[in-house]
Amino acid sequence: MPDPAIGVAVSGGVDSLMSAFLLKRQYKKVFGLHFTTGHELHKPDIMRLKDQLNMDIFTLDLSVPFETDVIQYFVSTYRQGKTPNPCMICNQKIKFGVLLEQAKNWERIFWLPAIMPPLSMT
């Protein structure tokens, strides 16, 4: 079986970058997927990250589905006097929805989100 291509969702944060780094040590074909929402205050330097990790990182503009699925949900829920959980919707609709479909469209074999368990304080 040929080496699988591994896609890692990279935000620019430590968790996703460490996941990408560790996967690069184990697999030859690792690439990053970074998406923008149009609501970023600070944008990571993708070119620098590409160089540091020595891997391709593709940036996708997901501002339209983010606005439609996450922002509109947040506003609607808040207006109803409820507490919205935008991360839950973003994970379901954006990270494991649109972003995953984009990775599959590139005919990659595997896609791994960079999710790490919470650190224990004990």
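Only the coordinates and a few stated rules stand behind these numbers; no lab work does. Remember, predicted model here, so these are calculated numbers, not experimental data. Reconstructed Cβ throughout: ideal geometry from the backbone, glycine too, with neighbour counts over all protein chains shown.
For the reader, a short list of remarks on this structure follows.
- Dipole magnitude (debye, nearest 20) for the stretch 1-76, charges at Cβ of Lys, Arg, Asp, Glu: 400
- Aspartates and glutamates with Cα under 18 Å of K104, excluding same-chain neighbours fewer than 8 positions away: D3, D56, D61
- Radius 15 Å from Cβ of M88, net charge of other residues (Lys, Arg +1; Asp, Glu -1): +2
- Extension gain for F21-E67 works out to 13.5 nm (0.36 nm per residue, less the C-alpha to C-alpha distance).
- Across K43/K82; K24/K50; K28/K93; K28/K50; K24/K93, pairs whose alpha-carbon gap is larger than 23 Å: K43/K82; K28/K93; K24/K93
- Loop-resident trypsin sites (Lys or Arg not before Pro) (DSSP state other than H, G, I, E or B) in the stretch 1-78 with no more than 11 further Cβ atoms inside 10 Å of their Cβ: K28.
- Between amide H atoms placed 1.01 Å from N, distances below 5 Å from T59 occur with H34, all of them 5 or more places distant or on a separate chain.
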